[in-house]
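This report refers to the structure that appears directly beneath it.
The values are calculated or read from the model by the stated rules, or taken from the named source; none is laboratory data. This structure is a prediction, so every number in the text was calculated from the model and none was measured. We place every Cβ from the backbone using ideal geometry, glycine too, and count neighbours over all the protein chains shown. For accessibility, only protein heavy atoms count, side chains too; no ligands or nucleic acids. Shrake-Rupley method; radii C 1.70, N 1.55, O 1.52, S 1.80 Å.
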Amino acid sequence: MKIVHRCTWVNLKNPLYVDYHDREWGRRPRNDQALYELFILETFQAGLSWECVLNKRAAIRAAFDDFDVARICAYGDADIERLMATDGIIRNRAKLKSVVTNTRVCQAIRREFGTFGNYIESFAGKKPTVEVYTLRTTSPVSDALAADMRRRGMKFVGSTTIYSFLQAAGFLNAHGPECELCGKPKR
């Protein structure tokens, strides 16, 4: 049995994490809805590990009506209280409220740019930037995108969170040189 070398951050003892690395991380989501979902999940990561969020992804998706944008935009105080009582998700009131706020801003961005992806590309470009994941945790692109998101009213969108999102969503090809699955970024 051949051993597959992956990026060193992958917890090989967690099948969800291995599958996420092998099938999702660093690849553009298949559509704008999947990109939006990944963005919302990344905002939950602030102060936590991605593995924690990933392990709760199914429960978060169910609690947020499969990330139905129209439904989330209509959430009010009762929905936040329902979410605070929901087992299996990250029950941080500020983060839960930020999902509603950020979703409303995403809707406005979609009206302005056509898609959330078009908006992200206006900062990051259409082709992925290639760099090793250990190079840094922010960049001029993540700085500018995070600042614009905050200006629009989004929460939990610091430059480090946005940099992580850009890696996860394939706007940055940041696999390590040790990774056999996704090519070897140039240094």
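Observations
- For K56, the conditions (1) within 17 Å of Y163 (Cβ to Cβ); (2) open to solvent by less than 70 Å² (accessible area, probe 1.4 Å); (3) of a type in the set (K, R) are fulfilled apart from (1).
- Here N92 does not qualify as open to solvent by 20 Å² or more (accessible area, probe 1.4 Å) and farther than 19 Å from K155 by Cβ.
- Pairs are defined by a Cβ separation below 8 Å, a sequence spacing of at least 6 or placement on different chains, a first member in region 73-102 that is free of Cβ contacts under 8 Å to residues at least 40 places away in the same chain, and a second member that is among the hydroxyl-bearing types (S, T, Y) and open to solvent by 10 Å² or more (accessible area, probe 1.4 Å); the pairs so defined are V100/Y75.
- Selection within region 13-25 - more than 19 Å from A174 (Cβ to Cβ) and open to solvent by 50 Å² or more (accessible area, probe 1.4 Å): K13, P15, L16
- Verdict on D32 being touching a residue at least 40 places away in the same chain (Cβ under 8 Å), in contact with a helix residue (DSSP H, G or I) (Cβ under 7 Å, 6 or more places away or on another chain) and closer than 23 Å to V130 by Cα: yes
- A147 meets the conditions (1) under 17 Å from A46 (Cβ atoms); (2) buried (at least 17 other Cβ atoms within 10 Å of the Cβ); (3) of a type in the set (A, V, I, L, M) in every case but one. The failed one is (2).
- Residue list for region 87-101, filter: basic (K, R) and touching a Ser or Thr at 6+ places or on another chain (Cβ under 9 Å): K95
- Residues that are among the β-branched types (V, I, T), at pLDDT below 90 and closer than 20 Å to E131 by Cα, drawn from region 1-26: T8
- Residues of region 131-169 satisfying the condition of being of a type in the set (A, V, I, L, M) and part of a helix (DSSP H, G or I): V141, A144, L145, A146, A147, M149, I162, L166, A168
- Residues satisfying the stated conditions in region 25-52, i.e. in a loop (DSSP other than H, G, I, E, B) and in contact with a Gly (Cβ under 9 Å, 6 or more places away or on another chain): W25, G26, R27, R28, P29, N31, A46
- Scan region 59-83 for residues that are open to solvent by 40 Å² or more (accessible area, probe 1.4 Å) and closer than 18 Å to A108 by Cα and the total you get is 4.
- Residue among R136, R111 that is more than 19 Å from W25 (Cα to Cα), open to solvent by 60 Å² or more (accessible area, probe 1.4 Å) and not small (G, A, S): R111
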